[in-house]
Amino acid sequence: MAKTCLLSSTAIVFISLSVISLLPSAFSADFSDGYKKSPVPKCDLDLLEFPLNLEYLEAEFFLYGALGHGLDKVAPYLAEGGPSPIGAKKANLDTITNDIILQFAYQEVGHLKAIKKTVKGFPRPQLDLSASLFAKVIDKAFGKPLNPPFDPYANSINFLIASYLIPYVGLTGYVGANPKLQGAISKRLVAGLLGVESGQDAVIRGLLYEHAAENVSPYQFVVAEFTNRISNLRNSLGHTDRKDEGLIVPIDFGAEGKVVGNVLAGDQFSVAFDRTPEEILRIVYGSGNESVPGGFFPKGGNGSIAKSHLHSANGYY
Ligand SMILES: *[C@@H]1O[C@H](CO)[C@@H](O)[C@H](O)[C@H]1NC(C)=O
Ligand SMILES: *[C@@H]1O[C@H](CO)[C@@H](O)[C@H](O)[C@H]1NC(C)=O
């Protein structure tokens with residue numbers, strides 16, 4: 001990737017030089033046309049298309065949760081012929097939660113459009129949004145099977161807990177991508193996506209925080225414990241130090257080491273954590289290994305970054 005970056009900045013320098021030195025107009029026009037068609041530096045393309053994987057996941061989960069159908073009805077062209085998600089369905093939500101999740105859903109449709117307007121991207125990957133998959137993740141987080149199995153679609157609190165699994169991972173990915181981007185358009189797009197993803201995460205956490213000390217029926221575990229265990233699972237799957245925190249933390253991890261409430265996650269300076277694409281793949285595959293697809297992406301993610309890991313592992317692509 002570093003090589004591509006170098007080539008592309010050389011090309012840009014060459015274009016400026018050719019314009020300055022007033023080479024024959026046909027010659028420089030060829031080059032500047034090519035440049036105009038692709039205003040995003042080549043080295044940014046992979047980093048900008050990668051988050052499509054997560055945006056597809058969020059769009060489908062929220063659309064189905066609020067409406068009972070997904071992109072195939074709402075914006076079929078955005079799916080580009082990619083397979084319909086497995087097991088997604090309408091969630092049993094109260095009025096206000098349904099209203100908020102519907103807003104999130106359409107926001108994700110917008111995000112898909114914004115990314116695809118900027119980079120070519122890829123069709124919707126195969127997604128698994130079945131209740132049994134979420135149950136498996138929650139069992140893994142608790143280190144034992146819950147009985148009955150966790151059902152994300154059963155009620156508002158369960159759906160919010162399941163949602164706690166998703167935008168936060170996307171947001172750490174945008175924080176991680178930002179310093180690697182070269183172009184102004186790429187940086188503007190990622191900052192804009194990050195702003196709204198963190199807003200979604202904040203709303204989800206805020207709604208859950210109000211119930212932090214209540215049991216998630218019919219289990220004997222409170223909401224905060226679910227969030228702490230999911231965050232610990234993500235930390236362990238990502239193979240990194242702490243980049244994820246639940247709603248109640250040891251006081252040392254709270255803002256300025258002064259509070260145990262943790263409605264927003266952040267580092268010792270309350271600055272958002274970052275994740276690499278590889279860390280994200282390990283988490284959303286549920287395998288702890290970016291080369292071993294599974295979890296929400298039974299056939300793996302798409303785009304150069306995700307494919308590069310699948311390719312090296314088993315030569316699927
Ligand atoms: C990735 O996208 C290409 C088209 O760009 C498609 O042919 C391929 O099947 C996709 N792979 C996955 C895993 O979805
Ligand atoms: C990840 O999976 C690949 C393919 O199965 C394997 O070769 C590699 O050793 C695994 N990496 C780790 C860190 O376990």
(request) Taking each pair of different alpha-carbon atoms in the stretch 131-186 once, compute 1/r for the pair, average those values, and report the inverse of that mean as the Kirkwood hydrodynamic radius in Å to one decimal. (result) 13.3 Å
(message) Test of understanding: in a Gaussian network model of the chain with alpha carbons linked when under 10 Å, which of 136, 144, 299 would top the mean-square fluctuation ranking?
(response) 144
(message) Filter 140/187; 140/180; 120/243; 90/307; 140/299; 73/180 down to the pairs with a C-alpha to C-alpha distance above 27 Å, please.
(response) 140/187; 140/180; 120/243; 90/307; 73/180
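Ordered by packing density, taken as the mean number of other Cβ atoms within 10 Å over each peptide's residues, highest first, how do 54-65, 151-162 rank?
54-65, 151-162
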(message) I need the phi-derived Karplus couplings for the stretch 280-294: 6.51 cos²θ - 1.76 cosθ + 1.60, θ = phi - 60°, integer Hz, Gly and Pro marked x.
(response) 5, 4, 4, 6, 6, 6, x, 9, x, 9, 5, 9, 10, x, x
(message) Can you tell me which of 46, 241, 72 moves the most in a GNM of the chain? Springs connect C-alpha atoms under 10 Å apart.
(response) 241
(request) Could you give the spread of the C-alpha atoms of the stretch 141-271 along their three principal axes, from largest to smallest, in whole angstroms? (result) 50, 34, 28
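Residue 148: net charge of surrounding residues, Cβ under 15 Å, Lys/Arg +1, Asp/Glu -1, itself excluded?
After counting each charged neighbour, the total is 0.
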(request) Have a look at the stretch 60-190 and give its Rg and Dmax from the Cα atoms, expressed in angstrom. (result) 16.1, 50
(message) Can you report the principal axis dimensions of the chain using only the alpha carbons, biggest first, rounded to whole angstrom?
(response) 76, 46, 40
(request) Two decimals is fine: what's Rg over Rh for the stretch 216-317, C-alpha atoms, Kirkwood radius as Rh? (result) 1.08
(message) Please give the charge dipole size of the chain, origin at the Cα centre, charges +1 on K and R Cβ atoms and -1 on D and E Cβ atoms. Round to the nearest 20 debye.
(response) 760 debye
(request) Measure out, as a whole number of angstrom, how far apart the alpha-carbon centroids of the stretch 116-137 and the stretch 45-86 sit. (result) 6 Å
(request) Express in whole angstrom the spacing between the alpha-carbon centres of the stretch 167-186 and the stretch 198-270. (result) 22 Å
(message) What does the net charge come to around residue 168 if you take all other residues with beta carbon closer than 9 Å to its beta carbon, with K and R at +1 and D and E at -1?
(response) -1
(request) Name the most mobile residue of 164, 106, 174, meaning the one with the largest mean-square fluctuation, in a Gaussian network model of the chain with Cα contacts below 10 Å. (result) 106
(request) Would you please give the residues with an amide H less than 5 Å from that of residue 128, counting only those at least 5 places away or on a separate chain, with H modeled from the backbone geometry? (result) 86, 297
(request) Specify the angular offset, from 0 to 90 degrees and rounded to the nearest 10, of the alpha carbon long axis of helix 167-177 from the longest principal axis of the alpha carbons in the chain. (result) 30 degrees
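Read the figures in this text as sums done on the coordinates, not as results from a lab. If you're wondering where the values come from, they're calculated on a predicted model, not measured in any experiment. Cβ sites come from the backbone with ideal geometry, for glycine too, and all protein chains shown count toward neighbours.
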